[in-house]
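The values are calculated or read from the model by the stated rules, or taken from the named source; none is laboratory data. Since the model is a prediction, treat every value here as computed from it, not as a measurement. Don't worry about glycine lacking a Cβ; one is built from the backbone with ideal geometry, like all the others, and counts go over all protein chains shown.
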Amino acid sequence: MSTLINVSQPDFGESEAAAIQAVLASHWVGMGPQTAAFEAALAERLGVRQVIATASCTAALHLTLANLEPDGRQEVIVPSLTFAATIQAIRLAGYDPVFAEVNPQTLTIDGDDVARLLNRRTRAILPVHFAGYPADMEQLRRIAGPDVDIVSDSAHAFGSTIGGVPVGRQGTATCFSFSANKNISCGEGGAVATQSGSLAARLKKSRFLGISHHTWERQRRAKPWHYTVAGPGFRYHMSDLNAAIGLAQLKRLDDFARIRRTIAAGYDARLAGLPWLLPVQRDLKQTIPHLYVMRITRGLRDELYASLRAAGIVCGVHYIPNHQQPAFKKYTRSLPVTEMLADEVLSLPLHTRLDAGQIEHIISRVSRFLRRARPARRRGQTSSKPTP
């Protein structure tokens, strides 16, 4: 292969270019009619009462956590195996992260560990829907009871469902990402979906510096220049440029889902039974796979990564556990499952621009490496089969 095969890649075309051009021609590029239209389209797709578009998923998470009713409880239970943005949002909102283990089959938060960690200081549980696969929300709801909010990080899972119900309807709020590598992209952007009208009202005000009505909403008023700053806020709104791209992408979501599922199903079939490879649970009927994650055992992950990179295949490692990061050192606890997984997980390229030749190249290289690999034998081990 003469060019690199990227682990992820946005899929923009003529419809997105036309949408951007229309916004430029309108001379209104900030938050305005396209943002409102995108919010309405998202709400219809998800079947929720309210969607608030934001500048990023990080902004959506911070905004939501900052607008929970304060009651003195300061802890948010969250998996360590997630992108640093999840934890930074918790800290920005003034809460302390309490790191939980993840299920090694799904890479989503371990409900049993959540139950052990829950205490009178717990304000919220923040599950991460990993690689498109949702956490067990029914179990988490039982654990949380009526007094603990559930705010989901669904950056990976826009378009996925739980029992046929779109991700976005569960819990207090669900936060999505529309950055360049997600299931649909606005270039950059995010959103909060919620059934709570009161929470949505607070989010709308605080996403635009605490101002009661944003600039576009004031255009038809007698005094459009007049506004009221009702309380604290942030500059977290989405622009019409980003929203216009999102509207075009939303129309293509079903095609994107079909392609992603086809590629993931092909990987599943062709890589099954390879030595030193453990699959990660997927449900291709219910979910849109955002990442294709597998586990490479016996210390071979880094060698496979290097071998694939040398062959022009760029993979991902999702993620370095946050409890091992210097910024969050004070919250560290022993998480042996998470630490084991962090040394094993590898994400193969998965995006809608992959062609058949590239997919065949990836499968061939992974298969060749794993069939030839001879990991160092552990003391007392005689089996040649991979171990979890």
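If only one of ALA84, ALA53, ALA60 is in contact (Cβ under 8 Å) with a residue 12 or more places away in the chain, surrounded by fewer than 21 Cβ atoms within 10 Å (Cβ to Cβ) and of a type in the set (Gly, Ala, Ser), which one is it?
Among ALA84, ALA53, ALA60, only ALA84 is in contact (Cβ under 8 Å) with a residue 12 or more places away in the chain, surrounded by fewer than 21 Cβ atoms within 10 Å (Cβ to Cβ) and of a type in the set (Gly, Ala, Ser).
Residue-wise test of (1) part of a loop (DSSP other than H, G, I, E, B); (2) surrounded by fewer than 20 Cβ atoms within 10 Å (Cβ to Cβ).
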residue: ASP283; (1), (2): yes, yes
residue: ARG295; (1), (2): no, no
residue: TYR305; (1), (2): no, yes
residue: HIS323; (1), (2): no, no
residue: ALA327; (1), (2): no, yes
residue: SER334; (1), (2): yes, yes
residue: VAL337; (1), (2): no, yes
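For the stretch 223-239, enumerate the residues that are assigned to a loop (DSSP other than H, G, I, E, B) and within 18 Å of THR64 (Cα to Cα).
Scanning the stretch 223-239 gives ALA230, GLY231, PRO232, GLY233, PHE234, TYR236, MET238.
Would you point out the residue of the stretch 354-374, among those that are more than 15 Å from GLY273 (Cβ to Cβ) and surrounded by fewer than 16 Cβ atoms within 10 Å (Cβ to Cβ), that is modelled with the lowest pLDDT?
Per the stated criteria, the residue is ARG374.
On the given criteria, is GLY316 closer than 19 Å to ILE263 by Cβ and either more than 20 Å from the chain's Cα centre (by Cα) or assigned by TED's automatic domain parsing to the domain that holds ASP113 (or both)?
In short, no.
Would a scan of the stretch 345-353 turn up a residue that is of a type outside the set (S, T, N, Q), surrounded by 20 or more Cβ atoms within 10 Å (Cβ to Cβ) and in contact with a His (Cβ under 7 Å, 6 or more places away or on another chain)?
Yes.
Cβ-Cβ under 7 Å, sequence separation 6+ or interchain: first residue in the stretch 319-341 and touching a residue at least 60 places away in the same chain (Cβ under 8 Å) and assigned by TED's automatic domain parsing to the domain that holds THR297, partner surrounded by fewer than 19 Cβ atoms within 10 Å (Cβ to Cβ) and not hydrophobic (A, V, I, L, M, F, W, C). Which pairs?
Close Cβ pairs (under 7 Å, with a partner that is surrounded by fewer than 19 Cβ atoms within 10 Å (Cβ to Cβ) and not hydrophobic (A, V, I, L, M, F, W, C)) amount to PRO321/GLU339; HIS323/THR332; HIS323/ARG333; TYR331/ASP96; VAL337/PRO104; LEU341/PRO104.
I'm trying to understand the selection: among the residues of the stretch 221-259, which are surrounded by fewer than 17 Cβ atoms within 10 Å (Cβ to Cβ) and of a type in the set (Phe, Trp, Tyr)?
Hit for the stretch 221-259 is TRP225, nothing else.
Can you say whether SER347 is within 24 Å of THR108 (Cβ to Cβ) and either assigned by TED's automatic domain parsing to the domain that holds THR106 or in a loop (DSSP other than H, G, I, E, B) (or both), as far as the supplied structure shows?
no
With surrounded by 24 or more Cβ atoms within 10 Å (Cβ to Cβ) and farther than 26 Å from SER347 by Cβ as the only criterion, which of ALA115, ALA155, ALA144, ALA173 stands out?
From the options ALA115, ALA155, ALA144, ALA173, the qualifying one is ALA173.
Can you tell me which condition ARG258 does not meet? The list is (1) in contact (Cβ under 8 Å) with a residue 12 or more places away in the chain; (2) not in a loop (DSSP other than H, G, I, E, B), and all the others hold.
So the condition that ARG258 fails would be (1).
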